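Participant: Supplied in structure tokens, the structure appears directly below.
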Amino acid sequence: MNIILLGPPGAGKGTQAQRLQADLGMVQLSTGDMLRAAVASGSELGKQAKGLMDAGQLVPDALIVGLIKDRIAQPDCAKGFILDGFPRTEAQAVALDKMLAEGGLKLDRVVEMEVDEKALTERVVGRFTCAKCGTGYHDSFKRPKVDGVCDVCGSKDFTRRKDDNAETMKTRMTAYRAQTEPLLPYYRARGVLKTVDGMAAMDEVYRQIRAVLAGA
């Protein structure tokens, strides 16, 4: 099964993709990871990407789609893949569909994780992690049992992402609405779009996604 998870930054796409990967054997594909791997491997696409990035230029859609094409041809993608961060624009969606069709593949589902912008901003701005083991916490929703001490490893060192602030979230949401929201009618017209409540508890969001996939 091949799916896309759509939703603004902070909606939890990566978390849900990891659970699907563990339970269903699908492969989570990150275009950023694929770019770094291609550059490190010295492949032809990697060389092209490195040259563009070194020059401060954006990597074109065609090159990204080429990386995805190479990646999904690998044996570990036999059970399907999960894209969470690509496509971001309708042009990328069209290019992705064309590439998949040429390979005899298709998208089975596009799952939109619908969120409330104000509540999502609160969720993102309040999050922090243990610097030692990476366990996630939140100022309002999940504080350590002992204040200032990680529940898992006992470390007292915590960190916050610099971009987890209200102003950055406002910029991200504006970009999401302008660029990515137009993908919703595109995929709805193709009959593959389903929406889940991205503001529910993580387990409930996962249950909804699994129900959507079961009906694909």
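A short reminder: the numbers here are calculations on the coordinates, not readings from a lab. Worth saying up front: this structure is predicted, and the values here are computed from it rather than measured. Counting neighbours? That spans all protein chains shown, and the Cβs are built from the backbone with ideal geometry, glycine included.
Participant: Given the C-alpha centroids of the range 126-172 and the range 15-46, what is the distance between them in whole angstrom?
Facilitator: Cα centroid of the range 126-172 versus Cα centroid of the range 15-46: 25 Å apart.
Participant: So, one more: Run through every distinct alpha carbon pair of the chain and return the Kirkwood hydrodynamic radius in angstroms, one decimal place. Please list the in-between numbers first.
Facilitator: Working: mean 1/r = 0.0532 Å⁻¹.
In the chain this quantity evaluates to 18.8 Å.
Participant: Right, something else. Could you give each residue of the range 139-144 its phi-based ³J(HN,Hα) in whole Hz, using Karplus coefficients 6.51, -1.76, 1.60 with θ = phi - 60°, and x for Gly or Pro?
Facilitator: In residue order, the calculated couplings are 4, 9, 9, 7, 7, x Hz.
Participant: If the viscosity is 1.002 mPa s and the temperature 20 °C, what translational diffusion coefficient in µm²/s does Stokes-Einstein give for the range 148-216 when Rh comes from Kirkwood over Cα pairs?
Facilitator: 136 µm²/s
Participant: Residue separation times 0.36 nm, minus the C-alpha to C-alpha distance between GLU102 and LYS162: what's the value?
Facilitator: The span from GLU102 to LYS162 would gain 17.5 nm if fully extended.
Participant: Then there's this: Taking the Cα centre of the chain as origin, work out the dipole magnitude from +1 charges on Lys and Arg Cβ and -1 charges on Asp and Glu Cβ, in debye rounded to 20.
Facilitator: 200 debye
Participant: Suppose R0 equals 22 Å; then what is the FRET efficiency for THR195 and THR171 from their Cβ-Cβ distance, rounded to the nearest 0.05?
Facilitator: That gives a FRET efficiency of 0.35.
Participant: Measure off 7 Å from each Cα along the Cα-to-Cβ vector at ASP139 and LEU58, then give the distance between these two points in nanometres to one decimal.
Facilitator: 3.3 nm
Participant: Find how much the distance from ARG19 to GLU44 grows on full extension, using 0.36 nm per residue of separation minus their present alpha carbon separation; answer in nm with one decimal.
Facilitator: Extra length available between ARG19 and GLU44 comes to 5.7 nm.
Participant: What are the aspartates and glutamates whose alpha-carbon lies under 20 Å from the alpha-carbon of LYS98, with same-chain residues fewer than 8 places away excluded?
Facilitator: List returned: ASP61, ASP70, ASP84, GLU90, ASP108.
Participant: Expressed in nm², what is the orientationally averaged projection area of the convex hull enclosing the Cα positions of the range 74-188?
Facilitator: 10.0 nm²
Participant: While we're looking at this one, here's another question. When the helices in the chain are scored as -39500 (n - 2.57) per DSSP H run of 4 or longer and the sum is shared across all residues, what 222 nm value do you end up with, to the nearest 500 deg cm²/dmol? Before the final figure, lay out the partial values.
Facilitator: Numbers: 9 runs with 98 residues, N = 216.
Taking each H run of at least 4 residues, the total per residue is -13500 deg cm²/dmol.
Participant: Next question. If a cysteine in the chain has no other Cys Cβ under 4.7 Å from its own Cβ, put it on the list, ordered by number.
Facilitator: CYS77
Participant: Please go through the residue pairs LYS132/LYS156; LYS50/LYS170; LYS13/LYS156; LYS118/LYS145 and name each one whose alpha carbons sit more than 20 Å apart in this structure.
Facilitator: Working: LYS132/LYS156 9 Å; LYS50/LYS170 31 Å; LYS13/LYS156 28 Å; LYS118/LYS145 27 Å.
Beyond 20 Å between Cα atoms: LYS50/LYS170; LYS13/LYS156; LYS118/LYS145.
Participant: A follow-up question, please. Two decimals is fine: what's Rg over Rh for the range 1-73, C-alpha atoms, Kirkwood radius as Rh?
Facilitator: Here Rg/Rh amounts to 1.02.
Participant: While we're here: Before anything else, pin down the relative contact order of the range 114-216: Cα pairs under 8 Å, at least 6 apart, normalised by residue count, whole percent.
Facilitator: Over the range 114-216, the number comes to 27 percent.
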